[in-house]
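Contents: one structure, followed by commentary.
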Amino acid sequence: MGIPTTEVDICNLALDRLGQRSIASIETPTTEIEEICARHYPATVREMLRRFIFNFSKKYAVVTKSATKTPAFGYTSAYQLPNDFVRLLALGDIAINDDTPAGLYDMSEGHVFTDAADAAGLKLSYVFDDPEISTWDPLFVRLVTLHLAANMAYKFTLKNTIIREIRNDADALAMTAAAVAGQEKPPRRIERSKLITARRVGSTGTDPRYY
């Protein structure tokens, strides 16, 4: 088959692991196996995108302040998330991790709520749902394949030992994928915009920098 380039290719790799017949479509399923794949494939891909950060799935965007959405309380502005959004990585120049100050932002109703009010828009770095499977990292393809096989296995009444073997392989691969993703992450550059610094300093006059 070569390098997977379609949803069906990945489904068939998962079906190979389960010892099942190949399928032709999940867009218009006509067999029970195709219906099973169509039910499980989208959720499995989204789950893997939420769990792992690969370079191919990172995206940058500048979103504008919503003219129709205003937070009921707590924040002054709302910025709509992109349609292909899966997971937030950075807001402006602040990485979203354990050192992000509480209250800097919130996510609700498909928007980022924040006190930021920048006419140029709000900068986002995020994980997106990349439909171009040919661009996927080979490790991510294997992750999706194994987890898809595990998620569908019970529909084919396979032995528990086979299901455990698939899940064990998926867990081992997850550790490898996490290690590789961590090695590829570039050194973090710390910058502070005037807007973000003002938000963090508040009325104290002290800038609590996080490194």
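If you filter segment 1-18 down to residues that are among the polar types (S, T, N, Q) and surrounded by fewer than 19 Cβ atoms within 10 Å (Cβ to Cβ), you find that the one that is farthest from LEU139 (Cα to Cα) is THR6. Being surrounded by 15 or more Cβ atoms within 10 Å (Cβ to Cβ) and farther than 26 Å from PHE54 by Cα is a property that holds for THR114. Restricting the search to strands (runs of 3 or more DSSP E) fully inside segment 70-137 and requiring at least 3 residues that are modelled with pLDDT of 90 or more and under 15 Å from the mean Cα position of the chain (by Cα) gives 85-91, 122-128.
Taken over segment 63-94, the criterion of being over 16 Å from TYR105 (Cα atoms) and of a type in the set (A, V, I, L, M) is satisfied by ALA67, VAL86.
Tell me whether segment 56-75 contains one or more residues that are polar (S, T, N, Q), in contact (Cβ under 8 Å) with a residue 12 or more places away in the chain and loosely packed, with under 13 Cβ neighbours inside 10 Å. Scanning segment 56-75, I find at least one residue that is polar (S, T, N, Q), in contact (Cβ under 8 Å) with a residue 12 or more places away in the chain and loosely packed, with under 13 Cβ neighbours inside 10 Å, so the answer is yes.
You will find that of ARG21, ARG46, ARG39, the residue that is surrounded by fewer than 19 Cβ atoms within 10 Å (Cβ to Cβ), closer than 18 Å to THR145 by Cβ and touching a residue at least 40 places away in the same chain (Cβ under 8 Å) is ARG46 and no other.
The values are calculated or read from the model by the stated rules, or taken from the named source; none is laboratory data. This is a predicted model, so every value here is computed, not measured. With ideal geometry, Cβ positions are generated from the backbone for all residues, glycine too; neighbour counts draw on all protein chains shown.
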